[in-house]
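The values are calculated or read from the model by the stated rules, or taken from the named source; none is laboratory data. These numbers come from a predicted model, not from an experiment. For neighbour counting, all protein chains shown are included, and Cβ atoms are generated from backbone atoms with ideal geometry for every residue, glycine included.
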Amino acid sequence: MYEEKHQQLTELERVLSNRLEGVSSDLSSQHSADSAEQVTERENEDVLRNLQEETRLELKQVRAALKRIESGEYSVCAQCGEDISPARLEALPYATLCIRCAS
């Protein structure tokens with residue numbers, strides 16, 4: 001029933017995993033010997049850590065959505081049990097709440 005959503009979420013999972021791998025690699029790289037460059041590198045690391053955390057969170061949500069598809073609970077609101085509208089799932093494929101409960 002949700003084959004297309006499953007494919008979309010699987011592709012998003014792949015993209016996010018690759019992004020997370022790249023960010024983690026960037027964070028583990030060596031610092032410059034120049035102290036002025038180190039300041040910029042540290043600022044960049046803060047941005048990368050934020051991106052890393054956001055990516056981890058989104059990846060967790062995508063994986064949970066894939067499990068909900070497999071269990072048949074994908075389009076069911078986790079709070080009220082009503083259906084999540086197709087438009088909401090199109091906009092946010094890993095939504096767990098209907099628009100009413102999310103408001």
**Study point:** Looking only at the stretch 1-40, and only at residues there that are among the aliphatic types (A, V, I, L, M) and buried (at least 16 other Cβ atoms within 10 Å of the Cβ), the one that is modelled with the lowest pLDDT
**Key:** 23
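Take the residues in the stretch 74-103 that are of a type in the set (D, E, K, R) and at pLDDT 95 or above; name whichever of them is surrounded by the most Cβ atoms within 10 Å (Cβ to Cβ).
First, the residues of the stretch 74-103 that are of a type in the set (D, E, K, R): 82-83, 88, 90, 100.
Filter once more, so that each one left must be at pLDDT 95 or above: 82-83, 88, 100.
Values: 82: 13, 83: 12, 88: 17, 100: 12.
Only one residue tops the list, namely 88.
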**Study point:** Odd one out for residue 52, checked against (1) over 14 Å from the mean Cα position of the chain (by Cα); (2) modelled with pLDDT of 80 or more
**Key:** (1)
Check your understanding: Is at least one residue of the stretch 48-63 farther than 18 Å from residue 15 by Cα, loosely packed, with under 13 Cβ neighbours inside 10 Å and without any contact (Cβ under 8 Å) to a residue 40 or more places away in the chain?
Key -> no
